[in-house]
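A.B. asks: One structure, as structure tokens, below. Some questions next.
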Ligand SMILES: *Cc1c(COP(=O)(O)O)cnc(C)c1O
């Protein structure tokens, strides 16, 4: 039996021709490519967490309602009264759940997002069988509102994803533009505001849920310092959330994640303080970058900074040879030609990056 024929007979053509999501090996590198929080929990809290995790009943399925965890999220993370949350194994899973829920069987449904956007939007649309429509950002990386409104009119998207702030550009879209998009969608479509970077932006649509029945606000604990436990959450009008709840795998949040997240949220002030430090370091890093003549710095409300350099491919390669790993955005979209994205980290790692960047710019040969 030929395995090639077996695969050709069973696996979808679009999946067969796809490449898998590439995560570079970062061992030995200063890792500034994935928007991780560089800080751990303090030693004493880690020991306490260890004791807590030792008590977790690994032989049991999670208690399906996730009541205590949801209660902490609602109370500590500012979910409006009367609004529940739906939990995901990272917000990546929530994106996939929303796409699967809105991908009709008998007609093509559309997901729309400004591009460049977070890559999982388009990937989830494709896997779920939705058409993806990308509307280019303007050269200054702001929303092209007329183009967005025209695309809404033309494609009637079931789902619009807006990362707020946007990844990979770092900027916050204009509030009035987002409101216009919510109104244009009306009862024809949903608008997901992806607030993965809310701890660094400190601006949110969460409190505006009661105003817009078609608004979904999605967040994650990943960028706040818990990328390893994989926990995302989203909130929306209860009747709407109920529909997505039917598609969520019943035990998608494992008991270790549940216990670790409950513990971390009981000490959320520690994570908030780390976010405050990173916001300070973002200001310092942006100023240091702006002082380098060959570098253009885009404004950031996230824990990363997008910059433009004279030759991104060569600078990226030189940084790699100096053991600094950042993201090369240059080939992602024409508005990002020669752009690089660096995660804001500790003062030491930021300094190592700045030194390596200056040296790389100097030895342009
Ligand atoms: C990092 C990121 C996510 C994914 O978060 P996980 O919860 O780790 O899956 C979602 N949206 C945006 C815009 C991101 O940058």
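A.B. asks: For the range 48-120, take the convex hull of the Cα atoms, compute a quarter of its surface area, and give me that in nm², please.
C.D. replies: On the way: hull surface 34.6 nm².
The Cα convex hull of the range 48-120, projected and averaged over all directions, gives 8.7 nm².
A.B. asks: Using alpha carbon coordinates only, what is the Rg to Rh ratio of the range 71-224, with Rh defined as the Kirkwood radius?
C.D. replies: 0.93
A.B. asks: By how many nm would the segment from residue 239 to residue 175 lengthen if fully extended, with 0.36 nm per residue of separation less the alpha-carbon distance?
C.D. replies: Between residue 239 and residue 175, full extension yields an extra 20.5 nm.
A.B. asks: Which of 201, 100, 287 moves the most in a Gaussian network model of the chain with Cα springs under 10 Å?
C.D. replies: Result: 287 has the largest fluctuation of those listed.
A.B. asks: Cα extents of the range 233-365 along the three principal axes, largest first, in whole Å?
C.D. replies: 58, 34, 26
A.B. asks: Assuming R0 = 51 Å, what is the FRET efficiency of residue 362 and residue 76, from their Cβ-Cβ distance, to the nearest 0.05? Display every interim value, and only then the final one.
C.D. replies: Details: r = 47 Å, r/R0 = 0.91.
Result of the calculation: an efficiency of 0.65.
A.B. asks: Label residue 7 and residue 48 with points 7 Å out from Cα along Cα→Cβ: what is the distance between them in nm?
C.D. replies: Here the answer is 5.0 nm between the modelled labels.
A.B. asks: List the pair-distance distribution P(r) of the range 182-252, using every Cα-Cα distance, as the percent of pairs falling in each 5 Å bin from 0 up to the bin containing the longest distance, rounded to whole percents.
C.D. replies: Whole-percent P(r) values from 0 Å outward: 3, 15, 23, 23, 18, 13, 4, 1.
A.B. asks: Specify, per residue and in Å³, the volume enclosed by the convex hull of the alpha carbon atoms belonging to the range 248-303.
C.D. replies: Details: hull volume 7.1 nm³, N = 56.
Per residue, the Cα convex hull of the range 248-303 comes to 127 Å³.
A.B. asks: Expressed in nm², what is the orientationally averaged projection area of the convex hull enclosing the Cα positions of the range 156-274?
C.D. replies: 8.3 nm²
A.B. asks: While we're on this one: Share of Cα-Cα pairs in the range 1-142 beyond 20 Å, in percent?
C.D. replies: Percentage above 20 Å: 72.
A.B. asks: Another question about this same structure. Step by step: find N for the range 126-179, compute 2.2 N^0.38 Å, then divide the Cα radius of gyration by it. What's the final number?
C.D. replies: 1.17
A.B. asks: Here is a follow-up. Please give the direction-averaged projected area of the C-alpha convex hull for the range 1-82, in square nanometres with one decimal.
C.D. replies: 12.5 nm²
A.B. asks: Right, next: Mind ordering 14-21, 116-123, 306-313 by average Cβ neighbours within 10 Å, highest first?
C.D. replies: 116-123, 306-313, 14-21
A.B. asks: If you average 1/r across every pair of different Cα atoms in the chain and take the reciprocal, what Kirkwood value do you get, in Å?
C.D. replies: This gives a value of 21.8 Å.
Only the coordinates and a few stated rules stand behind these numbers; no lab work does. Treat the numbers as computed from the prediction; the structure is a model and nothing was measured. Glycine gets a Cβ as well: all are built from the backbone with ideal geometry, and neighbour counts include every protein chain shown.
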